[in-house]
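The values are calculated or read from the model by the stated rules, or taken from the named source; none is laboratory data. Just so you know, these numbers come straight off a predicted model, no measurement behind them. Virtual Cβ from ideal backbone geometry, glycine too; neighbours counted across all protein chains shown. The area values use the complete protein model at the heavy-atom level, side chains included, leaving out ligands, DNA and RNA. Shrake-Rupley method; radii C 1.70, N 1.55, O 1.52, S 1.80 Å.
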Amino acid sequence: MTESAESTAEHLALRVERLPSPVRALICDFDGVLTDNRVIVREDGLESVVCDRSDGLGLQMVRDAGVAVGVLSKERNPVVAARCKKLGIECVQGIDDKLPKLRSWAERLGFGLDSVVYVGNDVNDVACIEASGCGVAVADAYEPALAAADFVLERRGGFGAVRELCDLILARRAQG
């Protein structure tokens, strides 16, 4: 193994080890995590976003492995619920303070926040990042989220960051 490949493997192993064992839930912010944080506004005022299909597949694989998956979003646009419905994941949107909802989700599902992985990108995600068993930020997150995170993903939001995290969670689950 080359020195570069060895350091990459070590970096990967360190991130996997930071994940809770077991990971019981993966909770994501929407804008800037499942999207690239941009919005397309049509002349009639309708808004659209762009999502990465690999993120959707990663979420499906994690869900199929027995991990609860959900989205907590401040955004009120129906595109959030539509995407989550297509992915078959729970979604709560239009909330300003995400931490109480994160706590109630974990309580309803019967586990503590210590077994939750939360991924975000901005200041309104910091409380959830800090309270989770493992708080994660996408590569292009804002500084407060980066500073609060247990680790930062290599990929940017909307460009496979969630898939990267899902692959890490699946690696952690394979360790037992």
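Descriptive notes on the structure:
- Looking at the chain, the pairs of alpha carbons with a distance over 22 Å make up 40% of the total.
- For the peptides 151-162, 39-50, 93-104, the ranking by packing is 151-162, 93-104, 39-50, with the highest mean count of neighbouring Cβ atoms within 10 Å listed first.
- Helix-only mean residue ellipticity at 222 nm for the chain, each DSSP H run of n ≥ 4 adding -39500 (n - 2.57), per residue, nearest 500: -13000 deg cm²/dmol
- Net charge, D150 excluded, C-beta distance under 14 Å - Lys, Arg +1, Asp, Glu -1: -1
- Averaged per residue, the stretch 98-176 has 42 square angstrom of accessible surface, using a 1.4 angstrom probe with ligands and nucleic acids left out.
- Convex hull volume of the stretch 98-176 per residue (C-alpha atoms, cubic angstrom): 88
- By accessible area, using a 1.4 Å probe on protein heavy atoms only, the chain has 51% of its surface on carbon and sulfur.
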